[in-house]
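**Q** Supplied in structure tokens, the structure appears directly below.
The values are calculated or read from the model by the stated rules, or taken from the named source; none is laboratory data. Just so we're clear, the structure is a prediction, and the values are computed from it rather than from any experiment. Virtual Cβ from ideal backbone geometry, glycine too; neighbours counted across all protein chains shown. Areas reflect the complete protein model, heavy atoms only, side chains present, ligands, DNA and RNA absent. Shrake-Rupley method; radii C 1.70, N 1.55, O 1.52, S 1.80 Å.
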Amino acid sequence: MIEFTNLNKSFGKNHVLNNLDLEIRGNSITAVIGPNGSGKTTLIKSLLGLVIPDSGEIKLDGINILGKSKFRNQIAYLPQIARFPENLNGMELIDMIKNLRNSPANANELIQLFDFEKELYKKVGTLSGGNKQKLNLLLCLMFDNPLIILDEPSNGLDPIALINLKTYLKNLKLKGKTIVLTTHIMSFIEELVDNIIFLLNGKIYYNGSLEKLLQMENTNRLELAIANILLKSQNK
Amino acid sequence: MFKIFKYSLYDMIRNRWLFYYMGFFLILTSALLILSNDFTQVLITLTNIILALTPLIGIIFGVIYYYNTKEFIELLLTQPVDRKAVFSGVYFGLAVSLSLSLASGVGIPLILFGVLNSSVLVNYIVLIVLSIVLSIVFSLFSFIISIKFDNKVKGFGIAICLWLFFALLYDGIFLIILMLFKAYPLDNLSIVLSMLNPIGLARVLIIIQLDISAMMGYSGAVIKNFFGSSLGSMLITLVLVLWITIPYYYMIRLSKAKDF
């Protein structure tokens with residue numbers, strides 16, 4: 001379980017996270033959604049320790065993780081923009097991360113899943129955007145971690161890879177993993193997600209199931225529900 | 001930290017600019033040794049070039065290196081390694097490879113031209129050690145600058161200004177102060193001022209080592225008296241160590257407070 005208590009973060013005058021309280025339960029798929037700049041990535045990055053909160057607490061299974069690093073071997077993280085050292089190839093990167101983490105990894109299954117064999121020995125700098133994202137997913141998912149955090153996992157993937165990814169994530173949930181993801185692809189949420197967290201201006205606007213959100217906004221499509229919420233917030 | 005250091009060093013060894021840097025010193029040192037038979041004269045020329053150049057290369061190369069490895073650093077930070085280990089590892093990869101190429105670029109010609117058996121060998125070793133210290137100090141400055149400023153143009157600008165300040169402007173300011181206050185006793189002030197600039201400090205050490213301070217008149221005598229004493233050389237060593245440790249801890253502190 002992940003708990004955020006009273007979390008605050010500002011970048012200059014921009015108050016991105018505003019006294020945020022949140023609990024994410026284990027063994028579930030949770031989507032963090034919200035308009036651009038609502039603080040989704042900042043929330044995720046502060047959980048990982050990439051962004052340092054101004055105040056507040058973050059607990060993972062009851063243990064405060066702020067300022068620590070070892071807890072990250074419990075977490076698989078997929079960054080929003082895949083950025084790797086350009087003069088290494090995919091295989092070298094995989095080996096390097098394996099070596100750094102010092103834990104067993106299963107890259108082969110994912111290499112086959114994403115049809116990545118041909119790209120494995122090309123320099124990362126020469127890979128296309130979609131292939132970089134596949135490598136990004138590979139590096140993230142090859143370890144057996146209880147908590148998986150995916151920032152825009154569908155970025156640049158072709159339809160086949162996307163379908164494969166969804167199936168893979170569903171299986172991970174069945175194995176008891178906790179998955180937190182951000183996405184702008186509604187079908188992704190509708191098919192996968194147990195719980196939705198809607199962030200608006202650094203605060204939690206909604207936290208609950210998809211069905212309830214649809215009921216609340218009186219519609220049968222998530223897209224419309226979100227548009228409704230955004231319009232209401234703009235009119236305020 | 002050691003694993004990261006290893007990757008960083010491996011990455012640096014594949015960098016061709018490092019070989020150009022080493023090649024430059026190889027050619028320079030060999031050329032000077034061919035042109036003159038007087039090892040001390042060669043040492044003085046070499047000192048002048050090295051004291052200006054190693055800080056410049058250290059700071060510029062460091063800034064370029066940091067901005068180029070930013071992706072790698074961000075990738076490392078998502079792994080179960082703490083920030084101190086990440087930044088120290090990457091930094092030492094840079095510092096060690098810079099020092100190695102400098103030491104071998106200057107050192108190999110010295111071996112080939114027989115400086116090893118001459119009486120001035122110690123002076124050359126002092127020069128190489130000092131230039132390594134300057135490389136370390138100025139590449140630390142470069143990391144501090146590039147961690148502080150995400151904007152590359154700004155980072156480069158500040159790096160060049162900092163080098164200009166220590167390599168050129170500082171001496172000018174030093175002189176102006178001495179001129180303005182020439183009516184007062186300036187011994188202590190000039191000693192303090194020369195310690196506040198690592199390049200100046202290295203220069204003073206070489207001058208003492210070569211025993212040519214007599215050429216500099218009264219101030220040379222003051223410097224020789226103070227820095228040449230055992231208390232003085234202990235103080236210089238301490239100050240040089242401080243020039244490395246303070247920026248190092250500052251860099252680590254900055255890296256711990258930074259958002260990625």
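**Q** Give the number of residues within segment A:9-50 that are in a loop (DSSP other than H, G, I, E, B) and either away from chain B (no Cβ under 14 Å) or open to solvent by less than 30 Å² (accessible area, probe 1.4 Å) (or both).
**A** Selection size over segment A:9-50: 13.
Residue-by-condition table, conditions (1) surrounded by 15 or more Cβ atoms within 10 Å (Cβ to Cβ); (2) within 28 Å of A:LEU224 (Cα to Cα); (3) in contact with a Phe, Trp or Tyr (Cβ under 7 Å, 6 or more places away or on another chain):
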{"site": "A:LEU139", "(1), (2), (3)": "yes, no, no"}
{"site": "A:ASP151", "(1), (2), (3)": "yes, yes, no"}
{"site": "A:ILE160", "(1), (2), (3)": "no, yes, no"}
{"site": "A:LYS175", "(1), (2), (3)": "no, no, no"}
{"site": "A:THR182", "(1), (2), (3)": "yes, yes, no"}
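**Q** Quick one: which residue in B:TYR20, B:TYR10, B:TYR65 is away from chain A (no Cβ under 13 Å), aromatic (Phe, Trp, Tyr) and either assigned to a helix (DSSP H, G or I) or farther than 20 Å from B:LYS148 by Cβ (or both)?
**A** B:TYR20
**Q** Looking at (1) open to solvent by less than 10 Å² (accessible area, probe 1.4 Å); (2) at the interface with another protein chain (Cβ under 9 Å from one of its Cβ atoms), can you tell me which one B:GLY58 breaks?
**A** (2)
**Q** For segment B:34-46, how many residues are open to solvent by 10 Å² or more (accessible area, probe 1.4 Å) and assigned to a helix (DSSP H, G or I)?
**A** 7
**Q** Okay, next question. Being modelled with pLDDT of 90 or more and either over 17 Å from B:PHE61 (Cβ atoms) or open to solvent by 40 Å² or more (accessible area, probe 1.4 Å) (or both) is true for just one of B:PHE156, B:PHE181. Which residue is that?
**A** Selected residue: B:PHE156, the only one of B:PHE156, B:PHE181 that is modelled with pLDDT of 90 or more and either over 17 Å from B:PHE61 (Cβ atoms) or open to solvent by 40 Å² or more (accessible area, probe 1.4 Å) (or both).
**Q** Moving to a separate point now. If we scan segment B:71-92, do we find a residue that is closer than 28 Å to B:VAL204 by Cβ and either open to solvent by 40 Å² or more (accessible area, probe 1.4 Å) or touching a residue at least 60 places away in the same chain (Cβ under 8 Å) (or both)?
**A** Looking for residues that are closer than 28 Å to B:VAL204 by Cβ and either open to solvent by 40 Å² or more (accessible area, probe 1.4 Å) or touching a residue at least 60 places away in the same chain (Cβ under 8 Å) (or both), one finds at least one in segment B:71-92, hence yes.
**Q** Report, by residue number, each residue of segment A:162-173 that is open to solvent by 40 Å² or more (accessible area, probe 1.4 Å) and of a type outside the set (Val, Ile, Thr).
**A** A:ASN164, A:LYS170, A:ASN171, A:LYS173
**Q** For segment B:99-133, name all the residues that are of a type in the set (S, T, N, Q) and in a helix (DSSP H, G or I).
**A** B:SER99, B:SER101, B:SER104, B:ASN117, B:ASN123, B:SER131
**Q** B:LEU98 is checked against (1) open to solvent by less than 10 Å² (accessible area, probe 1.4 Å); (2) within 14 Å of chain A (Cβ to nearest Cβ) and fails just one. What number does that condition carry?
**A** Going through the list (1) open to solvent by less than 10 Å² (accessible area, probe 1.4 Å); (2) within 14 Å of chain A (Cβ to nearest Cβ), B:LEU98 breaks only (2).
**Q** Consider B:ILE4 carefully, then state whether it is within 14 Å of chain A (Cβ to nearest Cβ) and either under 19 Å from B:ILE144 (Cβ atoms) or open to solvent by less than 20 Å² (accessible area, probe 1.4 Å) (or both).
**A** For B:ILE4, the condition - within 14 Å of chain A (Cβ to nearest Cβ) and either under 19 Å from B:ILE144 (Cβ atoms) or open to solvent by less than 20 Å² (accessible area, probe 1.4 Å) (or both) - is met.
**Q** Could you tell me how many of the residues in segment B:243-260 are open to solvent by 40 Å² or more (accessible area, probe 1.4 Å) and away from chain A (no Cβ under 14 Å)?
**A** The qualifying residues number 6.
**Q** Which one of these is at pLDDT 80 or above and open to solvent by 40 Å² or more (accessible area, probe 1.4 Å): B:LEU240, B:LEU201, B:LEU196?
**A** None of the others qualify; the one that does is B:LEU196.
**Q** In segment A:85-99, what residues are part of a helix (DSSP H, G or I), within 14 Å of chain B (Cβ to nearest Cβ) and open to solvent by 20 Å² or more (accessible area, probe 1.4 Å)?
**A** Within segment A:85-99, A:GLU92, A:ASP95, A:LYS98, A:ASN99 meet the criteria.
**Q** If you scan segment A:53-74, which residues turn out to be within 8 Å of chain B (Cβ to nearest Cβ), touching a strand residue (DSSP E or B) at 6+ places or on another chain (Cβ under 9 Å) and touching a residue at least 24 places away in the same chain (Cβ under 8 Å)?
**A** If the condition is that a residue be within 8 Å of chain B (Cβ to nearest Cβ), touching a strand residue (DSSP E or B) at 6+ places or on another chain (Cβ under 9 Å) and touching a residue at least 24 places away in the same chain (Cβ under 8 Å), then A:ASN73 is the only one that fits.
**Q** Of everything in segment B:118-153, what is open to solvent by less than 60 Å² (accessible area, probe 1.4 Å) and among the small types (Gly, Ala, Ser)? Give them in sequence order.
**A** B:SER118, B:SER131, B:SER135, B:SER139, B:SER142, B:SER146
**Q** Looking only at segment B:68-92, count how many residues are within 12 Å of chain A (Cβ to nearest Cβ) and in a helix (DSSP H, G or I).
**A** Residues meeting the conditions: 16.
**Q** So, one more: With the checklist (1) within 14 Å of chain A (Cβ to nearest Cβ); (2) open to solvent by 10 Å² or more (accessible area, probe 1.4 Å); (3) touching a residue at least 60 places away in the same chain (Cβ under 8 Å) in hand, flag the one item B:ILE108 doesn't pass.
**A** (1)
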